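A.B. asks: My questions all concern the structure below.
Values in this text are rule-based calculations from the coordinates and carry no lab data. None of the values given here were measured: they were computed from a predicted structure. Neighbour counts are summed over all protein chains in view; Cβ atoms, including those assigned to glycine, are modelled from backbone coordinates with ideal geometry.
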Amino acid sequence: MNKIPCDHCHLEFDKSVLFSEMIGGEEKFFCCKGCQGVYHLLRSEGLDDFYSKKGDTKLHPAALASEDLSKYDLDGFTKKYIKEKDGLYEISLIIEGIHCSACVWLNEKVLHKTEGIIEAEINYTNHKAKIIWDPQELKLSDIILKIQSIGYNAYPYDASLQEQKANAARKDYYMRLLVGIFATMNIMWLAIAQYSGYFTGMRSDIKSIMQFAEFILATPTLFYTGWIYFRGAYYGLKNHFVNMDLLVASGASLAYIYSIYAMITRTGETYFDSVVMIITFVFVGKYLEVLSRKKAVDTLDTITSSLPTEVTRINADEKTIVGVEEVNVGDILEVKPGDKIVIDGVLRSGEGAFDESSLSGESRPIFKKAGDTLTSGTIALDSVVRYEVRKVYGDSTLATIVSLLESSLTKKPRIEKLANEISGYFSLTILLLALLTFLAWYIMGGSFERALIVGISVIVIACPCALGLATPMATLIGLSVGAKKGVLFKEAGFLETMAKADVLLLDKTGTITSGRPEVVYHDKQKSYDINLLYSLVESSTHPISKGIAHYLKLHHDNLQLLDMQEVKHIQAKGLKGSYAGHSVMGGNLSLFEDMKLELPAMESSLFLFAIDGEVVDIFALDDRVKEGAKQVISQIKERGTEVVMLTGDNEKVASKIAKEVGIESFNHSLFPQDKAAVVDAYHDRGKIVIMVGDGINDALALSKSDIAIVMGSGADISIEVSDVVLLDDSMASLSLAQKLSQKTYTNIKQNLSISLLYNLITIPLAISGYVIPLVAALSMSLSSLLVIANAVRIKKGF
């Protein structure tokens with residue numbers, strides 16, 4: 001029968017079942033209305049190039065949308081899967097039906113041409129699309145309909161579903177490994193018998209039976225256990241990339257095909273045992289890699305697995321169980337003993353002990369009372385409490401941590417990208433080298449069998465498995481160790497950058513010190529209404545203002561918040577305001593520079609309060625240095641990193657703190673732009689800079705540094721621009737972060753050295769004919785296992 005291809009999907013059908021249409025003077029054939037519609041859509045959008053890029057790849061016929069897409073626009077769906085930022089929506093979709101790079105090209109082109117879509121990026125390896133769009137111009141259902149209209153389908157990425165798929169993949173690898181091990185154990189006995197017969201003599205019929213038995217064992221091993229290598233090689237070639245899968249598949253297949261020829265013609269020796277052991281030994285390394293990756297990612301699973309999906313909401317004393325996505329800012333939630341706080345908030349009624357060990361590492365319960373902050377991830381231990389929600393679920397601390405971890409596991413450091421690129425060129429080089437080795441041995445020795453076996457040995461022994469594993473295994477373990485210790489790297493690449501850093505810039509307040517200044521000196525100049533000062537400092541979140549407010553609460557009863565007017569925050573100086581016709585101002589000496597004041601000489605931070613231009617009160621505050629700060633700074637300097645302190649405080653205060661913690665170099669009286677200028681100055685000298693801070697005034701300097709580290713209690717804007725977050729706010733975590741990054745980077749270089757040294761030694765041996773395929777497979781697997789074992793060493797000392 002006359003079969004012709006559909007002009008869209010290229011699947012072949014009998015001409016009688018197709019319908020035709022004249023388009024551009026040519027007769028086009030389509031198998032269904034869906035393919036016809038997609039063809040017209042691509043022509044109208046100017047995307048005809050898709051068919052030339054796609055080549056002969058066959059697609060599924062385009063499906064006409066039949067499901068109700070309105071569910072994608074419901075509030076519950078939006079809260080669960082969509083992130084909102086600056087008025088734009090962002091979602092991660094899994095796109096089904098992608099077969100090749102042309103499919104990715106088509107989807108990205110169509111999405112970019114869609115009005116309202118700001119960004120559309122598709123990862124070919126996992127078919128995950130990141131799409132950002134303007135909700136005022138189109139809905140999510142419109143985006144999915146657009147994807148369906150060109151013959152694909154899309155659904156939201158769900159981490160729990162991906163976990164199920166990861167477990168399924170692990171089980172699949174396990175079953176394939178069992179088949180390989182079973183075949184290996186049995187074929188070894190047959191191989192021993194054959195090798196014995198080779199030296200002592202064996203009847204040809206017995207030998208044929210044993211060869212056939214080996215063939216039976218080798219076939220499922222090659223095509224079932226080794227299927228992942230054939231699949232990987234196919235997709236690699238399809239995308240013009242020579243990978244290690246091609247080396248394994250080609251080496252084992254050549255040995256298999258030659259062995260079948262030798263078995264049938266009864267000439268030469270069979271190498272079915274080498275086929276089985278090549279596939280099985282290499283697959284053992286692959287399986288251990290999957291297990292190691294799963295173990296590293298389990299840190300994320302541990303955090304998310306016990307997280308409740310529902311909470312108890314209180315509305316006019318009526319309790320309702322609702323999903324976490326349905327909770328809004330201002331809602332009142334009830335928590336019972338043993339319950340986990342899912343969303344950040346402030347305690348409103350009740351008091352009790354809370355376990356914050358999962359976030360800060362603090363093993364002792366923390367007592368909380370009304371007005372205290374409750375952070376998601378902590379556990380109520382002994383009381384029923386009610387608290388007011390301050391953030392939506394997606395912005396809460398624990399959800400942010402999970403998001404950071406997910407993001408870090410998908411980003412590659414520069415050294416890994418370089419290793420992957422080298423691996424690709426290396427694989428192609430090895431194939432050419434194996435071919436030349438085969439030709440040389442065949443021409444010089446005249447034996448096709450011997451030349452083939454030596455060529456196969458070169459292919460197998462040089463598989464760049466260890467080279468490919470060198471970086472990802474180390475970075476995964478490094479990220480996992482960091483997450484367990486409360487140090488979150490937003491990208492794996494930041495481990496590499498931090499390890500290379502020359503200079504560490506430390507903000508003083510909240511980083512070196514506790515960030516909670518306490519009044520150590522008080523000199524009241526004149527009697528006045530203390531509520532004026534209290535109301536002014538309560539309008540600010542600055543640590544100095546908080547310290548004054550805390551002092552006033554301790555020494556005065558019945559304080560009242562007055563309706564302070566025209567409150568203005570003056571950068572790095574203080575506050576101004578007015579009440580009942582009186583002007584009030586409070587701040588440091590810079591705010592009062594026009595007044596010639598006689599003040600006691602002290603190394604503490606001064607806070608002056610004035611009414612109508614007359615100073616009526618003077619406070620001196622000290623900020624305690626964090627526990628272990630001096631020891632941590634000493635450790636960092638011993639690792640060869642220059643440490644510099646930056647502060648907005650005066651020279652006396654800065655000098656006192658710097659001397660206390662052992663810092664020789666410091667900059668004082670800095671505005672936010674001055675701190676950023678210090679970062680720029682070090683960059684001009686070719687230095688790699690780490691900046692550590694926690695306040696809004698540090699955000700500019702953090703954004704300009706190579707590595708921005710923020711304490712977990714820092715301002716939201718600082719966390720937003722950070723690269724690393726220290727959850728427990730301790731200086732010890734800073735030292736751990738640097739030690740971990742340097743150890744991980746050193747480990748990566750060791751792994752790369754191991755893989756390169758292995759190839760320098762073994763490839764010449766294989767070319768010389770001293771290595772048979774069996775030994776080649778075993779040694780290649782051992783090199784991979786050595787790299788994995790070396791990467792696991794990162795965990796020691798943490």
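A.B. asks: Too long at a 18 Å Cα-Cα cut-off: which of LYS79/LYS484; LYS508/LYS656; LYS546/LYS573?
C.D. replies: Going by Cα-Cα distance, LYS79/LYS484 fall outside the 18 Å limit.
A.B. asks: Here's another thing I want to ask about it. If we sort 167-176, 555-564, 628-637 on the protection proxy, mean other Cβ atoms within 10 Å, highest first, what's the order? Don't skip to the answer; put the middle values down first.
C.D. replies: Values: 167-176: 13.5, 555-564: 11.0, 628-637: 18.0.
The packing order, highest mean first, is 628-637, 167-176, 555-564.
A.B. asks: Taking R0 as 30 Å, what's the FRET efficiency between TYR224 and THR309 from their Cβ-Cβ distance, rounded to 0.05?
C.D. replies: With a Förster radius of 30 Å, E is 0.15.
A.B. asks: Give me a comma-separated list of calculated 3J(HN,Hα) values for region 185-190, in order, Karplus coefficients 6.51, -1.76, 1.60 applied at θ = phi - 60°, integers in Hz, x for any Gly or Pro.
C.D. replies: 4, 7, 6, 5, 5, 5
A.B. asks: Once the piece of chain linking ILE761 and GLN136 is laid out straight, how much longer is it, given 0.36 nm per residue of separation minus the C-alpha distance between them? If you can, show how the numbers build up before the last one.
C.D. replies: Working: separation 625, 0.36 × 625 = 225.00 nm, distance 6.26 nm.
Stretched fully, the ILE761-GLN136 segment lengthens by 218.7 nm.
A.B. asks: When Lys and Arg each count +1 and Asp and Glu each count -1, what net charge do the other residues less than 14 Å away from LEU536, Cβ to Cβ, add up to? Show your work: numbers first, answer last.
C.D. replies: Values: positive: LYS546, LYS568, LYS573, LYS576; negative: ASP529, GLU538, ASP563, GLU566, ASP612, ASP617.
Charge balance in the 14 Å sphere: -2.
A.B. asks: At 0.36 nm per residue, and after removing the present C-alpha to C-alpha distance, how many nm does the segment from LYS739 to ARG231 gain when stretched out fully?
C.D. replies: Values: separation 508, 0.36 × 508 = 182.88 nm, distance 3.99 nm.
Contour length minus Cα-Cα distance gives 178.9 nm.
A.B. asks: Still on this structure: If I model a spin label at LYS128 and GLU651 as a point 7 Å from the Cα along the Cα→Cβ vector, what separation in nanometres do I get?
C.D. replies: Inter-label distance under the simple model: 5.3 nm.
A.B. asks: Another question, then. Where does each of 311-319, 738-746, 670-678, 726-734 land if you order them by average Cβ count within 10 Å, highest first? Mind showing how you got there, number by number?
C.D. replies: Working: 311-319: 12.2, 738-746: 21.2, 670-678: 17.8, 726-734: 22.8.
Descending mean neighbour count gives 726-734, 738-746, 670-678, 311-319.
A.B. asks: For a quick check: with amide H placed at 1.01 Å from N, whose amide H comes under 5 Å from LEU646's, ignoring anything fewer than 5 positions away on the same chain?
C.D. replies: Residues meeting the amide H criterion: LEU506, ASP507, LYS508, ASN667.
A.B. asks: If each residue of separation counts as 0.36 nm, what is the full-extension length gain between HIS556 and ALA440 once their alpha-carbon separation is subtracted? Could the numbers behind the result be given before it?
C.D. replies: Values: separation 116, 0.36 × 116 = 41.76 nm, distance 9.55 nm.
The HIS556-ALA440 span can extend by a further 32.2 nm.
A.B. asks: I would also like to ask the following. How much FRET efficiency would the formula 1/(1 + (r/R0)^6) give for ALA677 and ASP502, where r is the Cβ-Cβ distance and R0 is 22 Å, rounded to 0.05? Walk me through the intermediate numbers first.
C.D. replies: Details: r = 18 Å, r/R0 = 0.81.
After rounding, the FRET efficiency stands at 0.80.
A.B. asks: Let me ask something else about it. Based on the Cβ-Cβ distance of LYS546 and GLU21, what FRET efficiency does E = 1/(1 + (r/R0)^6) give at R0 = 51 Å, to the nearest 0.05? If you can, show how the numbers build up before the last one.
C.D. replies: Details: r = 74 Å, r/R0 = 1.46.
In this case the efficiency is close to 0.10.
A.B. asks: Separate question: Using each residue's phi in region 484-491, evaluate 6.51 cos²θ - 1.76 cosθ + 1.60 at θ = phi - 60° and report the 3J(HN,Hα) Karplus result to the nearest Hz, with x for Gly and Pro.
C.D. replies: Residue by residue, region 484-491 yields 5, 9, x, 10, 9, 8, 5, 9 Hz.
A.B. asks: Sorting check: for 489-496, 425-432, which peptide has the highest mean count of neighbouring beta carbons within 10 Å, and how do the rest follow? Write out the running numbers ahead of the final one.
C.D. replies: Details: 489-496: 22.6, 425-432: 17.0.
Top to bottom by mean Cβ count within 10 Å: 489-496, 425-432.
A.B. asks: Another question about this same structure. Quick check: pseudo-label points 7 Å beyond the Cα along Cα→Cβ at GLU566 and LYS3, how many nm apart are they?
C.D. replies: Taking the two extended label points, one gets 8.7 nm.
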